[in-house]
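**Q** I'd like to ask you about the structure that follows.
The values are calculated or read from the model by the stated rules, or taken from the named source; none is laboratory data. Quick caveat, the model's predicted, so the values are computed rather than measured. For neighbour counting, all protein chains shown are included, and Cβ atoms are generated from backbone atoms with ideal geometry for every residue, glycine included. The protein model used for the area step is the full one, side chains on, heavy atoms only, and it has no ligands, DNA or RNA in it. Shrake-Rupley method; radii C 1.70, N 1.55, O 1.52, S 1.80 Å.
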Amino acid sequence: MARIFAYIVHKSGVIDDSAVELAAAARKIDPAISPVALVTGHGAGFDAVCAALGNTYGEIWAVSNQALAYPNAELIRKALVKIVWPGSIVLVAHEHFGIDLAPGLSVKLNSSYVPDVLGIEGLEGSALKLVRQEFGGMVSTHVRCDISSGAVLTIRPGAFKPLDTAPARGTVIDKSAEVDALTAGRRYLHTVAPETGAVDITKHAVLVSIGRGIQEKDNVPIAEELAAELGAAVSCSRPVVDAKWLEKSRQVGSSGKTVKPKVYLACGISGSFQHLAGLKGNPFIIAINKNPKAPIFQIADIGIVDDMLEFLPEMTAKVREMHSVTAK
Amino acid sequence: MEVLVCARRVPDTSENEIQINSAGNDIEREDLVYSINEADNYAVEEALQIVNRVGGNVTVVSVGSDEDEEILRREMAMGANQGVLLTDDAFVGSDGRGIAAILKAFVQQASYDLILTGVQAESGGAQVGGMVAAMLDWPFASLVNSIEVVDRRKLKITREIEGGNKEISEMDLPCVLSIQTGINEPRYVGMRGIRAVASLPVPTYSASALRLDPATVGAAGAKVKRVDYFVPVLGKSAEMLTGSREENVAKVLELVAAKGGLK
């Protein structure tokens, strides 16, 4: 194995949390190898990003290039192919940028590719034994990846805990000269910020959150009525937005909103990692799902195997009953 | 515009409970309900809408076995002009790279302006589209949730990035896009539509027809292999309430009040 590299994502001068997680993942592959950070960018703040990576990585290979001021996966792939040693392992965070970059990078490096890695069990000869999930987290698998000609792995955000080690005092090595003019068939134009909805789900202490289990649009009022009684808001997972049953501004997840409620009632939500990525601040999670094997039960505090379409109306009726008793 | 959509037939997770078989080497496949991968269905709908605006044809291709023909017919009933099945014993056990190599070989036999895939399938890889693009040296974009054809030579596309932000880019054709769910509202396909296409031919291509060396695809060429399936143990696991529904409702309300401040 030539080297272990970690491609670092940064935005507006801030290094993504995945930087420390990739360093931890690299040590799981081989504790004896000090991983190298790969970082690309340009302009104000880039030097500071490179320097700050020295807290985590012993070596930082930096490519400063005007074409890389915005992270365009095609351009970055072309730059990385020029500087990464053949036969290396390259780690990339499994988020929207990694999904854009990593599959093509593995082709161009002629190395193996394993997406969305959750666990690294170690080397077995020229193979690396890894843990993945399938079917939205309902089952896990062990995967054996031949690394004899290198590998690109995308690492699930949050799956590897940062190592508690002393600052690495790393050195920045400028690799810009190895990368000349870059062009791509895809050109970034601009970014459009999300519209703010009528209800701001980030501001509520209690969320009644609905997933595929709501089954149809006509059932959405079941959640709305309960939320009204609780003084809560209705949020949802991706399938509900895909089906156009609720607005995008109600979606919790990596491509939606990040919320920090005190209590999260996950109703008919299976619990994909993209959804859970939007749930911060350690809320008390109560999961109601018909499927006892739903992954949400692994991370919830309280679980109930039941049909949300019957359970929620009973909750609403019970709260109303309590309110009317109090009123008397 | 000639549009190719890569699609896959997968167990429908909304219809099935996914269980591991007793040997631990596969999921229990008896009695599973299969359907087209959800994101692939959005990709086909998007392709149909594009050719509806600018003209052209939609071909849906799948790497698989005879059983996978049913999803090709379903998408033909939706309006795709043709379904094509890439099938060979040598393809069995392909990793993502192998599937991409098979699709690339097919693409090189024809002339397409645009290739769409669903963003990911049941194995959550999100890999094949990006690999096919790199093999063809075509531009690629993942997680696409809007496509606009500009002057028939370029596309203006939107990617769904973090926090609901939309990243807008311009792309040269030909290119490969992976389509995010929710990009459109896929049209309904009834039994009548499926019957109407039942007798249409679905051409098949073998490894030799695609001029593929069998050693480079399938299990023989796979550098990434699944060893086993197991039940994940990720977190602390919930305390399961096993009382009557009435008891559970009361307990949940008590907890919501205690933890969240129910008035």
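**Q** Taking segment A:20-42 as the region of interest, how many residues are more than 18 Å from A:L118 (Cβ to Cβ) and outside any strand (DSSP E or B)? Before you say what the answer is, go through the steps one by one.
**A** First, the residues of segment A:20-42 that are more than 18 Å from A:L118 (Cβ to Cβ): A:30-42.
Next cut, outside any strand (DSSP E or B) only: A:30-35, A:42.
Residues in segment A:20-42 being more than 18 Å from A:L118 (Cβ to Cβ) and outside any strand (DSSP E or B): 7 in total.
**Q** Could you list, in sequence order, all residues of segment A:162-186 that are of a type in the set (A, V, I, L, M), touching a residue at least 12 places away in the same chain (Cβ under 8 Å) and either open to solvent by 70 Å² or more (accessible area, probe 1.4 Å) or farther than 17 Å from A:N72 by Cα (or both)? Explain how you work it out, then say what you get.
**A** Taking segment A:162-186 first, the residues of a type in the set (A, V, I, L, M) are A:163, A:166, A:168, A:172-173, A:177, A:179, A:181-182, A:184.
If we keep only those that are touching a residue at least 12 places away in the same chain (Cβ under 8 Å) as well, we get A:163, A:168, A:172-173, A:179, A:181-182, A:184.
Answer for segment A:162-186, where residues must be of a type in the set (A, V, I, L, M), touching a residue at least 12 places away in the same chain (Cβ under 8 Å) and either open to solvent by 70 Å² or more (accessible area, probe 1.4 Å) or farther than 17 Å from A:N72 by Cα (or both): A:L163, A:A168, A:V172, A:I173, A:A181.
**Q** Examine segment A:72-93 for a residue that is away from chain B (no Cβ under 14 Å), part of a helix (DSSP H, G or I), farther than 23 Å from B:M135 by Cα and open to solvent by 10 Å² or more (accessible area, probe 1.4 Å), and state whether such a residue exists.
**A** For segment A:72-93, residues away from chain B (no Cβ under 14 Å), part of a helix (DSSP H, G or I), farther than 23 Å from B:M135 by Cα and open to solvent by 10 Å² or more (accessible area, probe 1.4 Å): absent.
**Q** Which of the residues that make up segment A:1-52 are among the aromatic types (F, W, Y) and free of Cβ contacts under 8 Å to residues at least 40 places away in the same chain?
**A** Result: A:F46, single match.
**Q** Which members of segment B:95-127 meet the condition of being closer than 21 Å to B:G83 by Cα and part of a loop (DSSP other than H, G, I, E, B)?
**A** B:Q108, B:Q109, B:A110, B:S111, B:Y112, B:D113, B:V119, B:Q120, B:A121
**Q** Answer with yes or no whether B:D137 is open to solvent by 40 Å² or more (accessible area, probe 1.4 Å) and in contact (Cβ under 8 Å) with a residue 12 or more places away in the chain. So that I can check it myself, show each step before the final result.
**A** Working: open to solvent by 40 Å² or more (accessible area, probe 1.4 Å): yes; in contact (Cβ under 8 Å) with a residue 12 or more places away in the chain: no.
Taking the combined requirement at face value, the residue does not satisfy it.
**Q** Same structure, new question: Yes or no: B:T59 over 17 Å from the mean Cα position of the chain (by Cα), in a strand (DSSP E or B) and either surrounded by fewer than 21 Cβ atoms within 10 Å (Cβ to Cβ) or among the hydroxyl-bearing types (S, T, Y) (or both)? Steps first, please.
**A** Details: over 17 Å from the mean Cα position of the chain (by Cα): no; in a strand (DSSP E or B): yes; either surrounded by fewer than 21 Cβ atoms within 10 Å (Cβ to Cβ) or among the hydroxyl-bearing types (S, T, Y) (or both): yes.
When the stated conditions are applied, B:T59 does not pass them.
**Q** Which number in (1) more than 10 Å from chain B (Cβ to nearest Cβ); (2) open to solvent by 20 Å² or more (accessible area, probe 1.4 Å); (3) not aliphatic (A, V, I, L, M) marks the one condition that A:S209 misses?
**A** (2)
**Q** For the subset of segment B:11-42 comprising residues that are at the interface with chain A (Cβ under 9 Å from one of its Cβ atoms) and either open to solvent by less than 10 Å² (accessible area, probe 1.4 Å) or hydroxyl-bearing (S, T, Y) (or both), which member is nearest to A:Q215 (Cα to Cα)?
**A** Ranking the candidates gives B:S14 first.
**Q** From the set of residues in segment B:181-190 that are closer than 30 Å to A:T258 by Cα and more than 8 Å from chain A (Cβ to nearest Cβ), which is most open to solvent (accessible area, probe 1.4 Å)? Step through it out loud before you land on a result.
**A** Let us first name the residues in segment B:181-190 that are closer than 30 Å to A:T258 by Cα, namely B:181-186.
Filter once more, keeping what is more than 8 Å from chain A (Cβ to nearest Cβ): B:183-184, B:186.
Working: B:I183: 27, B:N184: 10, B:P186: 43 Å².
So the residue we want is B:P186.
**Q** B:A110 is checked against (1) out of contact with any Ser or Thr (no Cβ under 9 Å at 6 or more places or on another chain); (2) more than 14 Å from chain A (Cβ to nearest Cβ); (3) at pLDDT below 95 and fails just one. What number does that condition carry?
**A** Failed condition: (1).
**Q** Take A:L130 and decide whether it is more than 7 Å from chain B (Cβ to nearest Cβ), among the aliphatic types (A, V, I, L, M) and open to solvent by 20 Å² or more (accessible area, probe 1.4 Å). Can you show your working first?
**A** Working: more than 7 Å from chain B (Cβ to nearest Cβ): yes; among the aliphatic types (A, V, I, L, M): yes; open to solvent by 20 Å² or more (accessible area, probe 1.4 Å): no.
The answer is no for A:L130.
**Q** Ok, one more. Give the number of residues within segment B:191-207 that are open to solvent by 20 Å² or more (accessible area, probe 1.4 Å), farther than 16 Å from B:T59 by Cα, part of a loop (DSSP other than H, G, I, E, B) and in contact (Cβ under 8 Å) with a residue 40 or more places away in the chain.
**A** Total meeting the criteria: 2.
**Q** When you scan segment A:123-157, how many residues do you find that are more than 22 Å from the chain's Cα centre (by Cα) and part of a loop (DSSP other than H, G, I, E, B)?
**A** Number of matching residues: 6.
**Q** Tell me, which strands (runs of 3 or more DSSP E) wholly within segment A:215-293 include 1 or more residues that are over 26 Å from A:A193 (Cα atoms), modelled with pLDDT of 95 or more and open to solvent by 10 Å² or more (accessible area, probe 1.4 Å)? Outline the logic, then answer.
**A** Details: elements: A:233-236, A:263-267, A:284-289.
The strands (runs of 3 or more DSSP E) meeting that bar are A:284-289.
**Q** Turning to a different aspect of this structure: Pick out the one residue from B:S146, B:S142, B:S169 that is among the small types (G, A, S) and either surrounded by fewer than 21 Cβ atoms within 10 Å (Cβ to Cβ) or more than 7 Å from chain A (Cβ to nearest Cβ) (or both).
**A** Working: B:S142 fails: either surrounded by fewer than 21 Cβ atoms within 10 Å (Cβ to Cβ) or more than 7 Å from chain A (Cβ to nearest Cβ) (or both); B:S169 fails: either surrounded by fewer than 21 Cβ atoms within 10 Å (Cβ to Cβ) or more than 7 Å from chain A (Cβ to nearest Cβ) (or both).
Step by step, each of B:S146, B:S142, B:S169 is checked, and only B:S146 is among the small types (G, A, S) and either surrounded by fewer than 21 Cβ atoms within 10 Å (Cβ to Cβ) or more than 7 Å from chain A (Cβ to nearest Cβ) (or both).
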